[in-house]
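Written below as structure tokens is the structure these notes are about.
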Amino acid sequence: MLSFLNIKKDYRLGTQVVKALGGVDGEILSGEMVALCGPSGSGKSTLLNILGMLDMNYQGNVFIDGKPFPRKASEATAIRRNSLGFVFQRFNLIPVMTAIENVAYPLTLNKLSAKTKKEKAEQILIKVGLEDFLDYRPERLSGGQQQRVAIARALVHQPRLVIADEPTASLDSHSANTIIQIMKTLGHEMGTTFVIATHDSRMASQCDRYINLIDGLISSEEIKWNA
Ligand SMILES: Nc1ncnc2c1ncn2[C@@H]1O[C@H](COP(=O)(O)OP(=O)(O)O)[C@@H](O)[C@H]1O
Ligand SMILES: [Mg+2]
């Protein structure tokens with residue numbers, strides 16, 4: 001479903017060049033939940049930004065369903081809106097909107113009636129267990145609940161692929177577990193592929209598979225799950 005070949009990325013800071021990715025390859029199957037592991041600074045966010053079409057300035061090739069990724073921002077926007085969803089460490093909900101409004105927001109440009117948009121948002125919020133919180137603003141929700149809203153928002157338009165960058169890093173371990181289980185259950189149910197960056201081995205161990213990044217390269221070293 002998603003494959004990437006020899007991805008390289010340098011950041012330039014004045015005269016300094018930071019090598020973030022040194023040539024990475026991978027293949028991710030439809031409906032798979034893959035953990036992208038590695039210590040801080042290993043290149044996880046850099047790779048996720050490329051796979052999420054947020055960064056188009058890289059070397060190498062990415063294919064989604066056999067089609068090359070666009071290299072122009074204008075083309076990427078349309079694909080991103082239809083086929084991709086995002087979950088971030090800090091939830092990134094809109095504070096003045098209720099849970100249901102936040103979730104319906106990605107459907108704004110969709111040619112659906114307001115009623116249908118609301119129904120879709122409600123359905124997915126029920127799936128993440130927030131049926132009693134539809135009209136709550138983020139400030140009245142716990143971190144775990146906010147992240148559930150963010151997952152619902154990422155899934156409301158039924159994307160092929162969801163990119164999640166450290167989605168449990170701001171949560172206690174109990175909430176983190178719930179979040180992983182929700183992503184796994186919904187991903188498998190809806191056939192959505194998840195690529196999740198994490199430096200938490202407990203979280204990675206619950207994914208279908210992991211890719212281990214070290215210093216911008218894929219490492220075949222096994223992760224010590226109890227570390
Ligand atoms: N915008 C940037 N400008 C310069 N260097 C960056 C930038 N973003 C990331 N880097 C560097 O690239 C490397 C990989 O970073 P990143 O992809 O954020 O790693 P991770 O998400 O695994 O912590 C690090 O050395 C980091 O300092
Ligand atoms: Mg990161």
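The numbers here are math on the coordinates, done by the rules we state, and not lab data. For clarity, every value in this text was computed on a predicted model and none was experimentally measured. Ideal geometry is used to build each Cβ from the backbone, glycine not excepted, and the neighbour counts take in all protein chains shown.
Per-residue ellipticity at 222 nm for the chain, helices alone: DSSP H runs ≥ 4 residues times -39500 (n - 2.57), over residue total, nearest 500 deg cm²/dmol? The partial results should precede the final answer.
Numbers: 7 runs with 74 residues, N = 227.
One gets -9500 deg cm²/dmol as the mean residue ellipticity at 222 nm.
Exceeding 22 Å between C-alpha atoms, which entries from my cross-link table qualify? They are Lys8/Lys72; Lys9/Lys44; Lys67/Lys117.
Violating the 22 Å Cα-Cα cut-off are Lys67/Lys117.
With a ≥ b ≥ c taken as the square roots of the eigenvalues of the C-alpha gyration tensor of region 68-227, please select rounded if a/c is under 1.5 and otherwise prolate if a/b is larger than b/c or oblate if it is not?
oblate
To make sure I understand the rule: partners must be aspartates and glutamates, Cα under 13 Å from the Cα of Lys115, and not fewer than 8 residues away in the same chain. Which ones qualify?
Glu101
Using the charge dipole of the chain (Lys, Arg: +1 at Cβ; Asp, Glu: -1 at Cβ; taken about the Cα centre), state which of Ala78, Gly143, Pro95 has its Cα farthest towards the positive end.
Positive-most Cα among the choices belongs to Ala78.
Taking only C-alpha pairs under 8 Å that are 6+ residues apart, what is the relative contact order of the chain in percent?
In percent, rounded to a whole number, it is 30.
Dividing the Cα convex hull volume of region 135-193 by residue count, how many Å³ per residue is that?
In region 135-193, the Cα hull volume divided by residue count equals 83 Å³.
Measure off 7 Å from each Cα along the Cα-to-Cβ vector at Thr116 and Glu131, then give the distance between these two points in nanometres to one decimal.
About 2.5 nm separates the two model spin labels.
Modelled label-to-label distance, Thr77 and Ser205, 7 Å Cα→beta-carbon offset: nm?
Going by the 7 Å Cα→Cβ label model, 4.5 nm.
Could you check the spin-label model distance between His174 and Ile94? Points 7 Å from the Cα along Cα→Cβ, value in nm.
Calculated label separation equals 3.3 nm.
What number results when the radius of gyration of region 11-150, computed over Cα atoms, is divided by 2.2 N^0.38 Å?
Taking N as the residue count of region 11-150, the ratio is 1.25.
Just to be sure I follow the definition: excluding the sites themselves, where is the longest run in the chain that has none of the trypsin sites (Lys or Arg not before Pro) in a DSSP loop with at most 14 other Cβ atoms within 10 Å? Provide the component values of the computation, followed by the final result.
Working: sites that count: Arg71, Lys72, Arg90, Lys111, Lys224.
Formally, the longest exposed-site-free interval is 112-223.
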